[in-house]
Amino acid sequence: SLGWVDVDHVITRKMQLIAEAEQLKPAFMKEVDSHFTEFVNSLVAKSALLDSSSPASLFPASSAEKELHKAKNSRAPPEHGKIFTARRSLLDELFEVSHIRTIYHMFIALLIVFILSTLLVDFIDEGRLVLGFDLLVFVFGKFPVVFCTWLCMFSATVVVPYNLFVWWAQGYSSSSHRAIHSFFYGMLFTLFQIAGLGFGPTYVAVAYALPPASRFIVILEQVKTELSVKRLQSVLLFFYFPLFPGTVHIPRISQYLYFLFAPTLIYRDNYPRNPTIRWGYVATKFAQVLGSLFYAYYIFVRLCIPQFHNSSQETFNLRGLVLCIFNSILPVFPLCFQDWWNSTSYANYYRTWNVVVHDWLYYYAYRDFLWFFGKKFRAAAMLSVFTVSAAVHEYVLSICFGFFYPVLFCLFSCFGVVFNFTLNDRRKGPFWNVIMWTSLFLGQGVIICLYSQEWYARQYCPTENPTFLDYLKPRSWSCHTKM
């Protein structure tokens, strides 16, 4: 007043305005995000309509599609739904934030510390600097067998399914019995999947006694290939119900080959790509893969294996089991999952932690189940997808480890199903994010601990002339009685 300015009052008022702005910021950002999401969804929907009228499709054009959409309970064409857009990797975007990039640097520094620790311990114990990779050499052993198996699988996947599809498509239009025509080629597809992709790789993994990591390469490639060719088989089953007259568009062999290498299980004739290959970016990601491999190696060698080695030589008891589970939680957990960390519900977690497999299960399992049985059976469709996924995961672990110990199946098909229905999308807020993290930590510890104990128990307590039941009974429960 009277030309004088109350500085304290101005500063106080400024702080109040800043505080009010901070309080309004979340609501403002939420509103902006909501409108932006609606705009993007509208744009994607319009793009999908344009794409569906394009001739570059595995199915005939508009007239047949109109007939399809008129039937309420008809099966939607497989190319409807998943739309691929050009976008940056989530991690690339996060690493632009200095705080996130610092966390990434901390992990690199920790890897350097692991390497120095190994060098110093070996120097003290043996008097020389040596980086022993005995475990790494063992788990990735018999690589020539692995490479030959993969080459045979890949060659068969390129030649057999594609040619079957071409022969089917060429004879479909002129066939007077299209349902029988599609059924015949569908059966040939099924025989190839069972004999060529099913029995063959499994026999090689078991008969040649491949070590664990080599088995994982063969079996995971087997599962990936099975899911990939399932796309072509779904087309045959789709045309088994003769809804579409006319000819069928046949993809070029180059398009099919690119699909087999693309990081997706959903087929499209074309995917969005960068105009040029960024070789520097490729080299960086390749180095990160190698770094993650060595990271996992040093964590297991320094932190996990001593724990499992000692616990496997002790009497099986509740105290040792609890200690083993909690000692198995933190060391390997950061290496196993992807962009799921903000999830407050298991429903969202299952959708985001492995998008590639989730997309396949949703479009080729869940939606087909609803198409066949009706939309009233959504819960049954979800349970069937959980059961199939749990069974496939358990099959992979059983073949790769050489024993049947359905820990993952029980956790996934029991606790996973319960959490999916109870911790659903209605759960919001930090509390539910903490609950999800806690349950995942405990589940990870149980899986790592029990499978590792069983692995070492079968090394320390081998069975002469094992029967089929010996592969089913947990050896870790009784191994101490034989030692």
Original post:
What number of residues within segment 143-159 are closer than 18 Å to Val206 by Cβ and surrounded by 16 or more Cβ atoms within 10 Å (Cβ to Cβ)?
Top reply: 5
Subject >> Close pairs (7 angstrom Cβ cut-off, 6 or more residues apart or separate chains): modelled with pLDDT under 80 in segment 117-145, among the small types (Gly, Ala, Ser) and surrounded by 11 or more Cβ atoms within 10 Å (Cβ to Cβ) anywhere >> reply: Asp122/Gly132
Subject >> All positions within segment 262-284 that are without any contact (Cβ under 8 Å) to a residue 60 or more places away in the chain, in a loop (DSSP other than H, G, I, E, B) and either touching a Leu at 6+ places or on another chain (Cβ under 7 Å) or open to solvent by 70 Å² or more (accessible area, probe 1.4 Å) (or both) >> reply: Pro275, Thr276, Ile277, Arg278
**OP:** Any chance you could count how many residues in segment 447-465 are among the hydrophobic types (A, V, I, L, M, F, W, C) and surrounded by 20 or more Cβ atoms within 10 Å (Cβ to Cβ)?
**Re:** 4
Original post:
Quick one: would you say Ile112 is more than 30 Å from Pro272 (Cα to Cα), modelled with pLDDT of 80 or more and within 25 Å of the chain's Cα centre (by Cα)?
Top reply: no
Original post:
Taking into account only those residues within segment 414-435 that are within 20 Å of Ile325 (Cα to Cα) and modelled with pLDDT under 85, which is surrounded by the fewest Cβ atoms within 10 Å (Cβ to Cβ)?
Top reply: Cys414
Original post:
Of the residues that make up segment 160-175, is at least one open to solvent by 30 Å² or more (accessible area, probe 1.4 Å), in a helix (DSSP H, G or I) and farther than 22 Å from Arg252 by Cβ?
Top reply: no
Original post:
Is there a residue being open to solvent by less than 60 Å² (accessible area, probe 1.4 Å), modelled with pLDDT of 80 or more and not in a loop (DSSP other than H, G, I, E, B) anywhere in segment 332-345?
Top reply: no
Original post:
Is it fair to say Ser182 is hydroxyl-bearing (Ser, Thr, Tyr), in contact (Cβ under 8 Å) with a residue 12 or more places away in the chain and open to solvent by less than 40 Å² (accessible area, probe 1.4 Å)?
Top reply: yes
Subject >> Scan of segment 436-446 for residues that are among the polar types (S, T, N, Q) and open to solvent by less than 50 Å² (accessible area, probe 1.4 Å), ordered by number >> reply: Ser439, Gln444
Original post:
Identify, please: which residue in segment 380-395 is among the small types (Gly, Ala, Ser) and touching a residue at least 12 places away in the same chain (Cβ under 8 Å) and is, among those, surrounded by the fewest Cβ atoms within 10 Å (Cβ to Cβ)?
Top reply: Ala391
**OP:** Within segment 224-246, identify whether any single residue is in a loop (DSSP other than H, G, I, E, B) and either under 18 Å from the mean Cα position of the chain (by Cα) or modelled with pLDDT of 80 or more (or both), and answer yes or no.
**Re:** no
**OP:** Of all residues in segment 208-222, count the ones that are in a helix (DSSP H, G or I) and open to solvent by 60 Å² or more (accessible area, probe 1.4 Å).
**Re:** 2
Original post:
Of the residues that sit in segment 86-142 and are basic (Lys, Arg) and touching a Pro at 6+ places or on another chain (Cβ under 9 Å), which one is surrounded by the fewest Cβ atoms within 10 Å (Cβ to Cβ)?
Top reply: Arg87
Subject >> Matching residues in segment 247-261 - criterion: being among the hydrophobic types (A, V, I, L, M, F, W, C) and at pLDDT below 85 >> reply: Val248, Ile250
Original post:
Do we find that Arg367 is open to solvent by 30 Å² or more (accessible area, probe 1.4 Å), at pLDDT 80 or above and among the basic types (Lys, Arg) in this structure?
Top reply: yes
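The values are calculated or read from the model by the stated rules, or taken from the named source; none is laboratory data. It should be emphasised that the depicted structure is a prediction, and the values quoted were computed from it without experimental measurement. Don't worry about glycine lacking a Cβ; one is built from the backbone with ideal geometry, like all the others, and counts go over all protein chains shown. Keep in mind that these areas ignore ligands, DNA and RNA; they rest on the heavy atoms of the full protein, side chains included. Shrake-Rupley method; radii C 1.70, N 1.55, O 1.52, S 1.80 Å.
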